[in-house]
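See structure below.
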Amino acid sequence: MSFVPGQPVTAVVQRIEIQKLRQGNNLILGFSIGGGIDQDPGQNPFSEDKTDKGIYVTRITPGGPADVAGLMMGDKIMQVNGWDMTMVTHDKARKRLTKKNEDVVRLLVTRKSLEEAVKQSMGGFPRP
Amino acid sequence: MDNESQYSGYSYKSSHSRSSRKHRDRRDRHRSKSRDSSSRGDKSVTIQTPGEPLLDAESTRGDDRDDNWGETTTVITGTSEHSISNEDLTRVTKDLEESTPLECKRFVGPALGGCLSFFAIVTPLAFLILPQVLWRDALEPCGTPCEGLYVSLAFKLLVLLISSWALFLRSPRATLPRFFVFRCLLMVLVFLFVASYWLFYGVRVLEPRERDYRGIVEYAASLVDALLFIQYLALVLLEVRHMQPAFCLKVVRSTDGASKFYNMGHLSIQRAAVWVLDRYYSDFTVYNPALLNLPKSILSKKMTGFKVYSLDESTTNNSTGQSRAMIAAAARRRDNSHNEYYYEEAEMDRRIRKRKARLVVAVEEAFTHIKRLHEDEAASSPKHPREVMDPREAAQAIFAPMARAMQKYLRTTRQQAFHSMESILTHLQFCITHNMTPKAFLERYLGPGPTMQYQQQSGRGRQWTLVSEEPVTSALRQGLVFSLRRLDFSLVVTVTPLPFLRLGEEFIDPKSHKFVMRLQSETSV
């Protein structure tokens with residue numbers, strides 16, 4: 001997941017669809033995010049590359065909509081409903097996730113175990 | 001002597017460092033010449049800090065003494081059956097150094113300077129007095145202006161006298177091998193000055209019996225002014241010029257690698273050598289020849305070599321090939337001497353620490369046996385009369401319990417040559433008198449002190465030889481190397497100039513110091 005300026009970023013992603021839950025006047029998703037281009041990337045406990053300024057999932061409410069949908073702690077969010085999340089400020093990310101007129105958010109998330117799973121499956125390929 | 005025949009061959013050559021042999025050869029050559037021969041162009045010259053050179057008077061007895069020196073001061077010793085303990089050795093050295101007579105050469109320079117300055121100071125007075133004595137009646141009377149000139153003359157002479165006393169009337173600290181150029185220059189200048197003034201005076205005043213007394217007084221006043229300016233010149237050349245640092249000198253002791261860096265200004269090599277030696281005595285730890293040798297058990301393993309057999313029949317020159325093969329084989333062989341060195345060092349450290357612990361405890365306990373008697377306590381207890389002792393007796397009383405621990409510690413750290421029982425007692429007495437704690441008493445023995453601490457206060461001085469490839473009156477410059485040699489070690493001095501500093505400026509507005517917090521927020525969505 002390291003990022004070279006000017007080169008396209010490639011990653012193995014998982015599509016996660018979360019239905020927002022209505023609690024009183026708010027629509028909540030049930031997780032917390034951290035990171036952003038205006039934040040300090042060195043403090044991120046989940047990133048491999050400590051210069052990575054992407055948006056990471058830092059906490060998941062157990063039993064909440066995100067947990068049900070399969071989101072895991074430490075995931076990096078690459079897209080939300082088609083909008084890019086790799087180069088946004090923290091506030092922008094929050095706004096994209098909490099639009100009041102959307103009930104569903106479709107996230108593209110990536111994590112290390114996905115890459116390894118793909119590698120394993122590809123490594124087993126040549127065998128008949 | 002008996003001993004000589006045993007090692008006239010092998011150990012005589014092999015157990016000496018090259019420099020001491022060279023020194024001995026040169027000393028033999030110089031034995032019959034006068035001391036001025038050193039200025040004739042051979043490059044090894046002698047600095048004598050005041051006193052007689054150690055070996056010149058003892059040259060006939062020097063040889064067997066040198067062999068014994070070789071026994072204790074070189075790293076790899078040859079086979080020499082005659083062994084002498086280190087204590088005897090230092091005792092012998094002390095005897096030699098004390099028995100040499102005071103030489104007169106060291107007083108020639110100051111005596112000459114003294115005469116010259118006396119002559120110079122008396123001259124203006126002579127200029128004033130001579131006309132009065134010789135042709136008083138013919139002189140024109142000269143009232144107030146002359147008296148004003150008398151006053152100024154008197155005060156200037158007083159200032160000259162006091163500053164000469166302050167600056168120049170000091171006992172010399174060193175005798176230099178060649179002429180001290182600036183001092184000679186100044187003495188010549190003073191002499192020429194005064195001589196030319198006398199010449200003028202003699203021709204223009206004494207002969208025609210000049211009648212204008214005021215002119216004579218003004219002439220004398222101008223001489224005193226000129227002398228004051230020469231003294232200013234002397235002050236600048238001798239004292240002030242070398243105060244601004246320009247060079248950094250690295251001084252390394254050749255035997256154990258103790259080194260120091262000093263900053264100094266522009267000086268000639270011989271003056272720089274004296275300067276360095278001044279600081280050597282108080283900065284460098286004392287040279288202990290007993291600490292130099294690696295134990296024989298470690299080094300002797302290297303002595304066994306390989307025997308090389310050549311299997312092919314060719315008789316071509318393969319001696320170099322053989323020696324190279326031996327060196328390569330020796331390098332490839334697994335050499336464990338570093339292992340033994342490491343364990344030997346660790347063992348030695350442990351032993352020293354154990355003995356030190358015993359010593360500290362013994363001394364602390366000994367110090368608890370006595371306490372200071374205050375005035376009012378003397379009459380307070382008539383029932384238990386206590387024996388009142390002076391410091392010397394008190395020191396002797398408490399020395400006994402700690403003597404054994406002290407001796408063992410000194411032996412382990414190989415310092416026993418530097419401290420005799422008498423000196424320990426004297427030091428103990430000193431510490432008791434000044435209310436020192438046991439730790440303060442032990443400070444002298446727990447670490448090697450500067451060389452100055454171990455010097456006896458004899459007026460004979462120390463003999464050092466300045467070895468240099470350049471003439472010793474030339475000024476210091478970059479890359480110069482000279483060494484100061486003593487009998488068993490030498491100090492190698494390297495000169496490097498101090499770097500030129502380009503100082504720039506950067507202005508920081510005090511209002512420009514602003515800070516923000518680093519963000520790491522977490523938002524729940």
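The values are calculated or read from the model by the stated rules, or taken from the named source; none is laboratory data. Bear in mind the structure is a predicted one, so any value in this text is a computation, not a measurement. Using ideal geometry, Cβ is built from the backbone for each residue, glycine included, and neighbour counts are taken over all protein chains shown. All accessible areas refer to the heavy atoms of the entire protein, side chains included, with ligands and DNA or RNA removed. Shrake-Rupley method; radii C 1.70, N 1.55, O 1.52, S 1.80 Å.
Label positions at B:I352 and A:Q79, each projected 7 Å from the Cα along the C-beta direction, are separated by 7.3 nm.
For region B:415-525, the residue among B:V525, B:Q455, B:L484 whose Cα projects farthest onto the positive side of the dipole built from Cβ charges is B:Q455.
Between chain B and chain A, the total buried accessible area stands at approximately 1100 Å², from heavy atoms with a 1.4 Å probe. Each of A:H90, A:Q19, A:I55 was placed along the dipole of region A:13-114 (beta-carbon charges, centred on the mean Cα), and the one lying farthest toward the positive end is A:Q19.
R0 = 51 Å: FRET efficiency of B:I508 with A:E48, Cβ-based, nearest 0.05? Efficiency, rounded to the nearest 0.05: 0.85. Largest accessible area first, the listed residues B:I121, B:I162, A:I77 line up as B:I162, B:I121, A:I77 when surface is computed with a 1.4 Å probe on the assembled protein chains.
When +1 charges are put on Lys and Arg Cβ atoms and -1 charges on Asp and Glu Cβ atoms, the dipole computed for chain A relative to its Cα centre reaches about 300 debye. Classification of chain A by its C-alpha gyration tensor yields an oblate form. The axis ratio a/c (a ≥ b ≥ c) is 1.5 or more, and b/c is at least a/b. Each peptide in B:481-494, B:440-453 was scored by the mean count of other Cβ atoms within 10 Å over its residues; highest first, the order is B:481-494, B:440-453. The gain in end-to-end length when the B:R173 to B:E470 segment is fully stretched comes to 104.6 nm, 0.36 nm per residue minus the alpha carbon separation. Per residue, the average separation of C-alpha pairs within less than 8 Å and at least 6 apart gives region B:105-242 a relative contact order of 49 percent. If the chain linking B:F119 and B:R241 were pulled fully straight, counting 0.36 nm for each residue of separation and taking away their Cα-Cα distance, it would gain 41.2 nm. Over chain A, dividing the summed -39,500 (n - 2.57) contributions of all DSSP H runs of at least 4 residues by the number of residues returns a 222 nm mean residue ellipticity of -5500 deg cm²/dmol.
Grab the beta carbon distance between A:T89 and B:Y281, set R0 = 45 Å, and tell me the FRET efficiency rounded to 0.05. The computed FRET efficiency comes out at 0.05.
Solvent-accessible surface of protein heavy atoms, probed at 1.4 angstrom with all chains present, puts B:C115, B:C431, B:C248 in the order B:C115, B:C248, B:C431, largest first. Residue ranking by accessible heavy-atom surface, 1.4 Å probe, largest first, among A:W83, B:W275 comes out as A:W83, B:W275. Label-to-label distance for B:R209 and B:H369 is 9.0 nm, based on points extended 7 Å past Cα in the beta-carbon direction.
Each label point was placed 7 Å from the Cα along the Cα-to-Cβ direction; for A:S121 and A:Q7 their separation is 2.5 nm. Taking the charge dipole of region B:105-242 about its Cα centre, with +1 at Lys and Arg Cβ atoms and -1 at Asp and Glu Cβ atoms, the residue from B:F127, B:Y219, B:L167 reaching farthest to the positive side is B:L167.
Rounded to 0.05, the FRET efficiency of the B:R411 and B:E140 pair, given R0 = 60 Å and the Cβ-Cβ distance, is 0.10. Suppose every Lys and Arg Cβ carries +1 and every Asp and Glu Cβ carries -1, with no other charges. What dipole size does region B:105-242 come out with about its Cα centre, to the nearest 20 debye? Roughly 860 debye for region B:105-242. Using every pair of distinct Cα positions in region B:105-242, the Kirkwood expression returns a hydrodynamic radius of 16.5 angstrom. Given a cut-off of 29 Å, name the pairs among B:K408/B:K439; A:K50/A:K92; B:K260/B:K408; A:K50/B:K511 whose C-alpha atoms lie farther apart than that in the structure shown. In this structure, B:K260/B:K408; A:K50/B:K511 lie more than 29 Å apart at Cα.
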